[in-house]
Each structure stands twice: as structure tokens, then as C-alpha cells.
1. What do you get when you divide the Cα radius of gyration of the chain by 2.2 N^0.38 Å, with N the number of residues?
2. With charges set only on the Cβ (+1 for Lys and Arg, -1 for Asp and Glu), what does the dipole of the chain come to about its Cα centre, in debye to the nearest 20?
3. Dimensions of the stretch 57-114 along principal axes (Cα, Å, largest first)?
4. Mind jotting down the distance between the C-alpha centroids of the stretch 73-107 and the stretch 13-46, whole Å?
5. Please list, in chain and number order, the residues 5+ apart from A108 or on another chain whose amide H is under 5 Å from its amide H, with Hs placed from the backbone.
6. What residues have an amide H closer than 5 Å to that of L4, excluding those fewer than 5 places away on the same chain, when H is modeled at 1.01 Å from N in the peptide plane?
7. In Å², what does the accessible area per residue of the chain work out to with a 1.4 Å probe?
8. For the chain, which whole percent of the accessible surface, found with a 1.4 angstrom probe, sits on carbon and sulfur atoms?
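The values are calculated or read from the model by the stated rules, or taken from the named source; none is laboratory data. These numbers come from a predicted model, not from an experiment. Because the Cβ atoms are built from the backbone with ideal geometry, glycine has one as well, and the counts that use them run over all protein chains shown. Quick note on the areas: whole protein, heavy atoms, side chains included, nothing else; ligands and nucleic acids left out. Shrake-Rupley method; radii C 1.70, N 1.55, O 1.52, S 1.80 Å.
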Amino acid sequence: MIYLLESKLPENKSIFFALQYIYGIGKARAFLICKKLGFSINLKVKHLSENQTVQILSLINSSNFVLAHDLKKLKIGLVKKLVSIKSYKGLRRIRGLPVRGQRTHTNAKTAKRI
């Protein structure tokens, strides 16, 4: 089991899908990382050498991606900002209602009940 950026990468999956287990890396970034390092998308995590693991880490650190813990803190900070300035979105978050304009007349029963 390989740990990268506070995430466990499953050994039996290909590197393309395993990189997506890291919070903040999706399909596009995983493909970009594989392409820049010259890895095959079908390369399994268990076949990675220690040197290749270091290459992945150095590429992620040098490319200024906001990932894992930093990304979670950034998202929480943005929500707190909306609540503190009492914007419409912030008030909807406080009340537990839909934020993005969904109807509440017939749907969102769970949100309205709580």
C-alpha cells in the first residue's frame, strides 16, 4: 500500500485510477501527471518503483496544485466567509436549505424537515 498526500493508493489498480483517490485530483489531472512522467495509464501501482513514486510527488509539489488537506481548508473557509457576510448563499447554508436555486415547494423535504 502506497501513501501519497494522506491517501492510500490501492495496489491492484492502475496509476491513472489510483491517483484519483487523492482529494483534488480528477481524471484530467491524473492523465496529465501520467503523460508528463511518461507512465502508461495501465501501469499498476504495485509495479511502481521508489524512484517513480518520488517523481510523482515532486511533480505534484512543483505544479502548485491545491490538494488534500489544503483544498479542504480552502473550501471550508469559503463557506465560512459566505456565512459571515450573510450573503444569500450563506443564509441558505445556515438554514439547511438548497443553495443553488433548486425548488423547495415540492422537493427538499428532508432539508425543510431538519
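1. Details: Rg = 19.5 Å, N = 114, 2.2 N^0.38 = 13.3 Å.
Cα-based Rg divided by the globular estimate yields 1.47.
2. Numbers: 23 positive and 4 negative charges, 232 e Å.
Charge dipole of the chain: 1120 debye, to the nearest 20.
3. For the stretch 57-114, the Cα spread along each principal axis is 51, 24, 18 Å.
4. Here the answer is 33 Å between Cα centres.
5. none
6. Residues meeting the criterion, in which the H sits 1.01 Å from N, are L9.
7. Details: 8200 Å² over 114 residues.
Using a 1.4 Å probe on heavy atoms only, each residue of the chain averages 72 Å².
8. On the way: 4490 of 8200 Å².
C and S fraction of accessible area: 55 percent.
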